[in-house]
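Just below is one structure, and these are the notes that go with it.
The values are calculated or read from the model by the stated rules, or taken from the named source; none is laboratory data. Given the structure is predicted, the values throughout are model-derived calculations rather than measurements. Heads up, the Cβs are rebuilt from the backbone with ideal geometry, glycines too, and the neighbour counts pull from every protein chain shown. SASA here: full protein model, heavy atoms, side chains in, ligands and nucleic acids out. Shrake-Rupley method; radii C 1.70, N 1.55, O 1.52, S 1.80 Å.
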Amino acid sequence: AAYPETRWHGCDPNGPAIEWAAENLPGIEFFVNDNAPPLPLADGSLNLAYAISIWSHFAPELGLRWFEEMHRMIRPGGHLVCTTHGLTSVAYSAAHGRSEEQSDEILGALYRQGWWYAPEFGEEGDWGVVNPDWGTAFLSPEWMLTHLCPRWRVLEFAPGRNQENQDVYVLQRV
């Protein structure tokens, strides 16, 4: 009500999820997107993008391509709210079924290279979305800062803030 001129968009590569959303969430323009950029939105057309539990699944190179796409679509001064699996997520995952051996592997990779990725969804994909660059990813804050700054300004970093698991970033497009 405070911003009646706001236009909402929603997208996902999962066609049935988009169908459900379009039928049940009025006033939002939904579309199915490809697994890789670009999206059919104009440069600088968004003030804000909200992407929760998305970068926790991209292989690092695909994740960087999507950060570039967000930078293209978000106007200067606009914001991106996103989450990643970080160090807090390693402990969360270990407490929820990930083996100690794999948790140690993830921690080692985060400290050595800043990321860990595995295409864990297999041939069936994730809810029918099949992509070898869509699995489980962990990203260190140092990796994020190295790859995103100075094109993005980090306004907020909240480790484990999303369900005591994923790190939350509020980024501003420079």
Report task. Collect the residues in segment 32-81 that are part of a helix (DSSP H, G or I), under 26 Å from residue 163 (Cα atoms) and open to solvent by less than 30 Å² (accessible area, probe 1.4 Å), keeping them in residue-number order. Result -> 60, 62, 63, 66, 67, 70
Query raised in the report: Among the numbered criteria (1) β-branched (Val, Ile, Thr); (2) closer than 30 Å to residue 16 by Cα; (3) surrounded by fewer than 20 Cβ atoms within 10 Å (Cβ to Cβ), which single criterion is violated by residue 84?
Result: (3)
Query raised in the report: Does any residue of segment 97-107 turn out to be at pLDDT 95 or above, in contact with a strand residue (DSSP E or B) (Cβ under 6 Å, 6 or more places away or on another chain), crowded, with 19+ Cβ neighbours inside 10 Å and not in a strand (DSSP E or B)?
Result: yes
Query raised in the report: Regarding residue 8, is this residue over 21 Å from residue 138 (Cα atoms), of a type outside the set (A, V, I, L, M) and exposed (fewer than 12 other Cβ atoms within 10 Å of the Cβ)?
Result: yes
Report summary line: Residues of segment 108-144 being closer than 15 Å to residue 35 by Cβ, of a type in the set (A, V, I, L, M, F, W, C), open to solvent by 70 Å² or more (accessible area, probe 1.4 Å) and in contact (Cβ under 8 Å) with a residue 12 or more places away in the chain, in sequence order, are 127
Query raised in the report: Any idea which of 29, 120, 23 is in a loop (DSSP other than H, G, I, E, B) and not polar (S, T, N, Q)?
Result: 120
Report task. Give me the pairs, please: first residue somewhere in segment 145-174 and within 16 Å of residue 54 (Cβ to Cβ), second residue anywhere and in a strand (DSSP E or B) and open to solvent by 90 Å² or more (accessible area, probe 1.4 Å), beta-carbon distance under 9 Å, and either six or more positions apart or on two chains. Result -> 167/161; 168/161; 171/153
